1. Could you tell me the relative contact order of the chain? Use alpha-carbon pairs under 8 Å, at least six residues apart, and round to a whole percent.
2. Would you mind working out the magnitude of the charge dipole of the stretch 19-117 relative to its Cα centre, with +1 at each Lys and Arg C-beta and -1 at each Asp and Glu C-beta, to the nearest 20 Debye?
3. Using R₀ = 41 Å, calculate the FRET efficiency as 1/(1 + (r/R₀)^6) where r is the Cβ-Cβ separation of Ala98 and Thr50; round to 0.05.
4. Tell me the label-point distance for the pair Leu27, Val91, using the 7 Å Cα-to-Cβ offset, in nm and rounded to one decimal.
5. With viscosity set to 0.890 mPa s at 25 °C, what whole-number translational diffusion coefficient in µm²/s follows for the stretch 12-86 from Stokes-Einstein and a Kirkwood radius over Cα pairs?
6. Cβ neighbours within 10 Å, averaged per peptide: list 11-19, 31-39, 58-66 in order, most packed at the top.
7. Can you work out the Karplus-derived ³J(HN,Hα) for every residue in the stretch 27-40? Use 6.51 cos²θ - 1.76 cosθ + 1.60 with θ = phi - 60°, whole Hz, and x for glycine or proline.
8. Taking +1 at the Cβ of each Lys and Arg and -1 at the Cβ of each Asp and Glu, which of Phe44, Leu29, Gly94 sits farthest along the dipole of the stretch 25-111 towards its positive end, judged by Cα position relative to the Cα centre?
Amino acid sequence: MYESRTRPLLPFPLFLRRVGRHALVALALLAFSLGIGMAGYMAFEGLNGTDAFLNASMLLGGMGPVDAPKHESGKIFAGLYALYAGLVFLVAAGLVVAPLAHRLLHRFHWEDDATSS
């Protein structure tokens with residue numbers, strides 16, 4: 001997926017395209033996860049679409065739910081979704097940061113090889 005250490009850095013326009021693809025994958029993951037959260041809040045807690053969106057997006061953003069769950073099934077869903085949302089947040093951040101970190105590390109290694117030869 002990425003260039004190896006023996007190959008030169010990717011040209012900047014192609015690098016920007018790579019960053020954009022990673023950002024789109026992260027956004028798709030967040031949208032899918034938001035849909036799961038909304039469906040769960042609507043099914044288990046009987047919330048309307050707006051309230052379900054608010055609760056699911058707050059959990060995905062790391063803030064916590066707005067409405068406390070009232071039903072046992074809703075409490076179990078909210079707990080499991082909170083654990084899932086925490087992992088999704090980390091994965092999405094990793095997807096966005098990965099090409100930047102790779103380029104930075106690749107550049108340092110590439111310059112190190114050029115000066116040692």
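1. 32
2. The calculated dipole for the stretch 19-117 is roughly 100 debye.
3. 0.75
4. 1.9
5. 188
6. 31-39, 58-66, 11-19
7. 5, 5, 4, 5, 5, 4, 5, 5, x, 4, x, 5, 4, x
8. With unit charges placed on the Cβ atoms, the residue in question is Gly94.
All of the numbers you see were taken from the coordinates with simple rules; none came from a lab. As the structure is a computational prediction, the values presented were derived from the model and not from experiment. FYI the Cβ positions are ideal-geometry reconstructions off the backbone, even for glycines, and counts take in every protein chain you see.
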